[in-house]
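Report on one structure; see the data block that follows.
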Ligand SMILES: [Ca+2]
């Protein structure tokens, strides 16, 4: 009886635990301008290679304000956003960056602001309560180029 009760508990836990999955990978991404051969899609190609010559980071032109966003295609219950900065050089350009999320591009909520340059890896955590998100956008006001190598958005699926 004890064994069967334990088994039932284990089965119950297993079936109610949804797995977190990166729902940004391969989705449509957009940015304020495109520099050379590094479009917005490079930050959702599933590759965290942080060397620009690895061709897996996006890169805008220089501007007072630059932005990048991904459209997840539908609303998800997002628990975690991971950001991978460029590391081969110029990582300090990635500063004065606001992270915004929401279900409409016209009504995004700022959930983080990095005034100082990003580390190699940064994250935004929505735990224990996930946020309903379709768009994840970063707006950089650093009067320089904007480049990131990967953005991962984890949701229960
Ligand atoms: Ca990448």
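The values are calculated or read from the model by the stated rules, or taken from the named source; none is laboratory data. This one's a predicted model, so the numbers in the text were calculated from it and none came from an experiment. Note that each Cβ is placed from the backbone with ideal geometry, even for glycine, and that neighbours are counted across all protein chains shown.
General observations
- Hey, residue 73 out of contact with any helix residue (DSSP H, G or I) (no Cβ under 6 Å at 6 or more places or on another chain) and over 23 Å from residue 109 (Cα atoms) or not: no
The rows are residues; the columns are (1) within 15 Å of the ligand (Cβ to nearest atom); (2) within 13 Å of the chain's Cα centre (by Cα).
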| residue | (1), (2) |
| --- | --- |
| 22 | yes, yes |
| 26 | yes, yes |
| 29 | yes, yes |
| 37 | yes, no |
| 47 | yes, yes |
| 54 | yes, no |
| 65 | no, no |
| 77 | no, no |
| 95 | no, no |
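- Per-region count, the stretch 79-110, residues in contact (Cβ under 8 Å) with a residue 24 or more places away in the chain and touching a strand residue (DSSP E or B) at 6+ places or on another chain (Cβ under 7 Å): 22
- Spans of strands (runs of 3 or more DSSP E) in the stretch 95-157 with at least 3 residues closer than 20 Å to residue 32 by Cα: 97-102, 109-114, 131-140, 148-156
Yes/no matrix, rows are residues, columns are (1) on the phi > 0 side of the Ramachandran plot; (2) assigned to a loop (DSSP other than H, G, I, E, B); (3) at pLDDT 95 or above; (4) surrounded by fewer than 18 Cβ atoms within 10 Å (Cβ to Cβ):
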site: 53; (1), (2), (3), (4): no, no, yes, yes
site: 57; (1), (2), (3), (4): no, yes, yes, no
site: 69; (1), (2), (3), (4): no, no, yes, no
site: 80; (1), (2), (3), (4): no, no, yes, yes
